[in-house]
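Comments concern the structure below.
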Amino acid sequence: MSARPHPPEGDGPRTAPGRQARAVRLGPRSVAALVLVSAIGVMAFGWPLLADSASGLAHSRDAPWLFAALLPMLLAVVVAAIADTGLDAKAIAMLGVLAAAGAAMRPLGAGTAGIEPMFFLMVLAGRVLGPGFGFVLGSVAMFASALLTGGVGPWMPFQMLSMGWVSMGAGLLPGPDRLRGRRELAVLAAYGAVSALLYGLVMNLQGWPYIGGLASGVSFVPGDPLGQNLARYLAYCLATSLGWDVPRALVTVLLTCTLGGTVLKALRRATRRAAFDVPVSFPSEPPAGTTAP
């Protein structure tokens, strides 16, 4: 009896076409790590507005440096936790390709006038591959782009966390298994615009405390009431970053509406072929009727 021919490579089971691929399965430990690093990230960004006027933190000039040193360690912990619970070889390969693509897209605009096409790819990849993969992708892509552009500094861990949030949020948008076509692109374009604006708003908090004393009308004043510092912060955002944040949002919307459908199809085709939901296994013995090489 002749041996049954093996199916051609790539013909195995794949992710269902209508279902969001879960390149990373979030377990209890990785979810706890994500929640912890996000909570500490909120403190790292918002301590000037969250700290009580009577606390030592509100009057400390070392707080920004403390959080800048703490965040890289926490990001490493959460990435390790996610990788340990579900980042297999196929997901790592996909992560490497998309992170390299995102890092290569960032220098195209280098932040000039808000031209940052990287946001468009991070949002679409997070949508297709889920929140866990999205957080790791956003963080790793921002780290790689910082090395590529020479943008390494105390702001880098804040950028990594913020981009991780952006891509993770896209994976948490409603209707990942049902919403398709123009409606999905409209949702992603709206989310991309909002997240691009919020990214600039949040990142301003990282550098705002450093300008104390340079311009009393817009600088952080330790110990002042929340309302006064918040008014100064909004004035600071209007004066410094709004001209970059709005174009970033417009570029993200434009790229999503024009290229989003094609990119989404390519990503979903790649994830179906990767078959993240199918475990990799190797037979211990050759099938009956065949001889081992």
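The values are calculated or read from the model by the stated rules, or taken from the named source; none is laboratory data. The model shown is predicted, which means the values in this text are computed figures rather than measured ones. Reconstructed Cβ throughout: ideal geometry from the backbone, glycine too, with neighbour counts over all protein chains shown. Ligands, DNA and RNA are excluded from the accessible area calculation, which covers all protein heavy atoms including side chains. Shrake-Rupley method; radii C 1.70, N 1.55, O 1.52, S 1.80 Å.
Brief remarks on what is shown
- Test: residue in the stretch 150-170 that is modelled with pLDDT of 90 or more and farther than 16 Å from Gly41 by Cα: yes
- Scope the stretch 145-165; condition open to solvent by 10 Å² or more (accessible area, probe 1.4 Å) and either of a type in the set (Gly, Ala, Ser) or more than 13 Å from Gln206 (Cβ to Cβ) (or both); matching residues: Leu147, Leu148, Thr149, Gly150, Gly151, Val152, Gly153, Trp165
- Number of the exception - Pro174 against (1) surrounded by fewer than 23 Cβ atoms within 10 Å (Cβ to Cβ); (2) over 26 Å from Pro28 (Cα atoms): (2)
- Test result for Val77, open to solvent by 20 Å² or more (accessible area, probe 1.4 Å) and modelled with pLDDT of 85 or more: no
- Criterion (buried (at least 16 other Cβ atoms within 10 Å of the Cβ), touching a Ser or Thr at 6+ places or on another chain (Cβ under 8 Å) and modelled with pLDDT under 80) met by exactly one of Gly138, Gly86: Gly86
- Of the criteria (1) under 19 Å from Ala249 (Cα atoms); (2) open to solvent by 10 Å² or more (accessible area, probe 1.4 Å); (3) of a type outside the set (Ser, Thr, Tyr), which one Ala196 fails: (2)
- Flag for Gly126 being over 16 Å from Val251 (Cβ atoms), modelled with pLDDT of 85 or more and open to solvent by 10 Å² or more (accessible area, probe 1.4 Å): no
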